[in-house]
Amino acid sequence: MNCRDIEKWLSAFMDGELAPARKDAVASHLGTCEACRSRLAEWEAVWRALDALPAAAPSPAFRGRLAARIHETRPAASERLERFLIPVSAAAVALLGFWIGYIAGGRQAAAAQFPESAEAVYLDSFSSVPTASLGDVYLSLNNAIEPEETR
Amino acid sequence: MQDTDLMLRVQKGDEAAFNKIVEKYQGRILDLCTRYVGNPADGEEVAMDVFFQLYRTRLDYRPEAKLSTYLYRIAVNRSLNRIRDRKRRRLVSFEWLRGDRPFDPGAPEDDRPDARLETKERESLVRRAVDRLPEKQKTALLLRKYEDLSYEEIASAMGTTVSAVESLLFRARETLKKNLRPVIS
């Protein structure tokens, strides 16, 4: 195993991310190769140098500001009620419309199915009325007016 | 309580569960974001964005995903967006890049003026070297060095493979070795 083979595993070796067999191979190479040992030492120095960047801590206001920001996005109680009522009202109107349509459709269908009977019922109700009754007066007036209107 | 259980409770509207998640992860996320964007004020804004996004998209969370990885992914994306925005608006904090302000006011410092100067110079050099790394190398390096994530976790947070992470860390180390020569020699 030469330096080029080792080079690609050196980073993972340093991070303890190599499988045991490969780790042993790298360790064995490092025992005999000054150049690779030197490279590893430089990388370790780089890693230590990175400690110069200190850790950050949240400010005391962090949690409060986050809570306020989340609260801002929440709808108020009236808005929540409105959001609930709008779809419910829309559904109720739609249901009412559907019901009216259903009833009207049913009547039309019945009329279309039995047109003669509907007409017969209508005419029969005025065909024979007792003399001098209200119906008789209505029919005589209607007969007297109709010819004039059609003229 | 496990993170997944906490998130499932958050999805049902449990505010206390969300607070527990924030409490558990705020240090790590803030640390990553601050190191990523290069200054504490921006870092805190980005960290807040991360938790806000977690809350806003809580219903999208799937229990199969590890919450910490999910948060790191959001943190990296948000940090990158902040850096890109800043570059676009040319609002780079030169004051911060010069290292005039302490990173953490509470951090212990050596009392000798020359030692303080040396510490600040060193810090400034390291920060500039890290900031100059290509985005992916920088992400892999920060997650490994400061968050102590495994290669597999880094790969998951970055949406890449373990071998790609290995390669990114190799290149990051090589680049830093050149750029940090004055510090390590």
Inset, instruction - Take the cross-link list A:Lys23/B:Lys177; B:Lys87/B:Lys177; B:Lys20/B:Lys138; B:Lys136/B:Lys177; A:Lys23/B:Lys66 and give me the ones stretching past 21 Å between alpha-carbons. - result: A:Lys23/B:Lys177; B:Lys87/B:Lys177; B:Lys20/B:Lys138; A:Lys23/B:Lys66
Legend entry - 1.4 Å probe accessible area per residue over region B:1-96, in Å²: 50 Å²
Legend entry - Protein-protein interface of region B:44-64, residues with accessible area decrease of at least 10 Å², isolated chain reference, 1.4 Å probe: B:Glu44, B:Glu45, B:Met48, B:Asp49, B:Phe51, B:Phe52, B:Tyr55
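Exactly which chymotrypsin sites (Phe, Trp or Tyr not before Pro) in region A:1-45 are in a DSSP loop and have at most 16 other Cβ atoms within 10 Å? Intermediate values should be presented prior to the final figure.
Numbers: sites: A:Trp9, A:Phe13, A:Trp43; in loops: none.
Passing both the DSSP loop test and the Cβ count: no residue.
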Inset, instruction - Please arrange A:Leu134, B:Leu169 by accessible surface area, largest first, computed with a 1.4 Å probe and ligands excluded. - result: A:Leu134, B:Leu169
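Using only protein heavy atoms and a 1.4 angstrom probe, determine the accessible area buried between A and B, summed over both sides, in Å² to the nearest 100.
By this definition, chains A and B bury close to 3900 Å².
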Legend entry - Stretchable slack from A:Ile70 to A:Gln113, in nm (0.36 nm times residue separation minus alpha-carbon distance): 9.2 nm
Legend entry - For region B:142-167 versus region B:1-52, the gap between their alpha-carbon centres in whole angstrom: 20 Å
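Please report, as a whole percent, how much of the solvent-accessible surface of region A:3-52 comes from carbon and sulfur atoms (probe radius 1.4 Å).
Working: 1300 of 2650 Å².
C and S atoms contribute 49 percent here.
The values are calculated or read from the model by the stated rules, or taken from the named source; none is laboratory data. These numbers come from a predicted model, not from an experiment. Positions of Cβ are backbone-derived with ideal geometry, glycine not excepted, and every protein chain shown enters the neighbour counts. The accessibility values were calculated without ligands, DNA or RNA, using every heavy atom of the protein model including side chains. Shrake-Rupley method; radii C 1.70, N 1.55, O 1.52, S 1.80 Å.
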